[in-house]
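Here's the structure we're looking at; comments come further down.
What follows draws every value from the coordinates through simple rules; no lab data is involved. Every value quoted in this text rests on a predicted model; they were computed, and no experiment measured them. No Cβ is skipped: glycine too gets one built from the backbone with ideal geometry, and neighbour counts run over all protein chains shown.
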Amino acid sequence: MTRTQRLAPVVEHTDKKERRALQEVAQSQAVFEGEQQRLTQLQDYKLEYLQKKKYDIGVFTPIELQEFNRFMQQLDQTIQQQMELVALRQQELDLKRDQWTATRIDSKKMHKVVERLKQQEFVEQERKEQKALDEFAQRKSHRR
């Protein structure tokens, strides 16, 4: 069994590890985008709500104005929490990307090692064959 054949399970393991890391990046990306979309929806909702109420400000009773302000504070608090969640998901995504990059580098290194070994094995095989041909030619010339 050649060294490259013995390394095949290691190469397969690093490739699987890289694929898993890439899947985790994709999942993390989807979660991040979902949270980002929710933040955008909340911000859009606030703008739309303010646009609708802009014209009603003069007709609010004090209680309605108090309720409006409380609602806006809650909405602002929800938006702030969502912004924090988006920032957290961004950090998680960045970490997953860094992990994937590291596994990708490891996988490429392993493939380069195997490629060099294959080249060495090829050169060694060529030498053996040449040596065998030389010995055969030498034996043939000694018989004469």
Report summary line: Taking Cα atoms, the helix 3-54 axis meets the longest principal axis of the chain at an angle in degrees (rounded to 10) of 10 degrees
Query raised in the report: R0 = 22 Å: FRET efficiency of Lys16 with Glu92, Cβ-based, nearest 0.05?
Result: 0.50
Report summary line: Taking Cα atoms only, helix 62-143 is inclined relative to the longest principal axis of the chain by an angle, in degrees rounded to 10, of 10 degrees
Query raised in the report: What nm distance separates the two modelled labels at Asp134 and Gln66, each placed 7 Å from Cα along Cα→Cβ?
Result: 10.3 nm
Query raised in the report: Mind listing P(r) for region 3-143? All alpha-carbon pairs, 5 Å bins, whole percents.
Result: 2, 9, 10, 9, 8, 7, 7, 6, 6, 5, 5, 5, 4, 4, 3, 3, 2, 2, 1, 1, 1, 1, 0, 0, 0
Query raised in the report: Where is the GNM fluctuation largest for the chain (alpha-carbon springs, 10 angstrom cutoff): Gln51, Gln80, Gln90?
Result: Gln51
